[in-house]
1. How would you rank 143-150, 73-80, 96-103, 25-32, highest first, on the average number of other Cβ atoms within 10 Å across their residues?
2. May I ask you to order 60-70, 204-214 by the average number of other C-beta atoms within 10 Å around their residues, highest value first?
3. Multiplying the sequence separation of N5 and S188 by 0.36 nm and subtracting their Cα-Cα distance, what value in nm do you get?
4. With the cut-off at 1.5 for a/c, could you classify segment 6-66 from its C-alpha gyration tensor as rounded, prolate or oblate?
5. Taking the C-alpha atoms of segment 99-149, how large are the radius of gyration and the largest Cα-Cα span, Dmax, in Å?
Amino acid sequence: MPVMNYMDVGGGLAVDYDGSKTASESSMNYTVEEYARDVVWIIKETCDQTGAPHPTIATEFGRATVAYHSVLVFEVLGIANTFSTPCDPETVLAATQAPAIINMAQLLQELSPKNAMETLHDAVELRQDILQEFSLGLLSIEDRAFGDQAWALLNTISGLMTDQMHYIPEDLRRLPRLRTDTYFCNLSIFQSLPDNWAVDQIFPIPPVNRLNAGGRPAASSSRTSH
């Protein structure tokens, strides 16, 4: 009768990237010790019930083994903050003939605490129209800039108007997360990430300085230069 000397339980061990110890995609809600005990117990119970000898257990926890051993440090070359650029609706209306941009500027003129929700919904649709028209070459880069500035200011003002509301809708509570900066970084994703196993994986991006300073409510995104 053949004897199973080794059992490979495969991979899949999670990595607690964010330290939250939760079931999110960037964490794990169990310990390595708990995982090992469960694997060993299941194999032992099965072998004992069938009278089979206990095998040597092997694993393939590649990412969980190497995830902590290296980091990629790169430089932030600049920050683009759309919300720091002032936007005057009158100036926008005088400088463009694009219907979507005109409508966005008019929404900004008519914004009030009473119509903030309706205005925000209309602005979301207009924002999508502006991005689509720009990608099709129907809007100039200047019109795109006007649209970005109007969208940014509209979101900022809508967020400030929540102080005047007894009940703040969820859409308005999410506005601070929309007000983000774009970070331009000098790195090559394709040179720095190994092979195709990195596709659809999560790679945390923390700062390496000012770790004792409070974070801003806005999130950030990164772009590659190569």
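1. On the way: 143-150: 22.0, 73-80: 11.0, 96-103: 18.1, 25-32: 13.8.
The most tightly packed comes first, giving 143-150, 96-103, 25-32, 73-80.
2. Details: 60-70: 12.4, 204-214: 7.9.
Descending mean neighbour count gives 60-70, 204-214.
3. Details: separation 183, 0.36 × 183 = 65.88 nm, distance 4.44 nm.
Full extension from N5 to S188 adds 61.4 nm.
4. Numbers: a/c = 3.95, a/b = 2.13, b/c = 1.85.
The shape class here is prolate.
5. 11.2, 36
Quick note: the coordinates plus some simple rules give every number you see, no bench work behind them. Being a predicted model, the structure only gives us computed values, none of them experimental. Quick reminder, even Gly has a Cβ in these numbers, built from the backbone with ideal geometry, and neighbours come from all protein chains shown.
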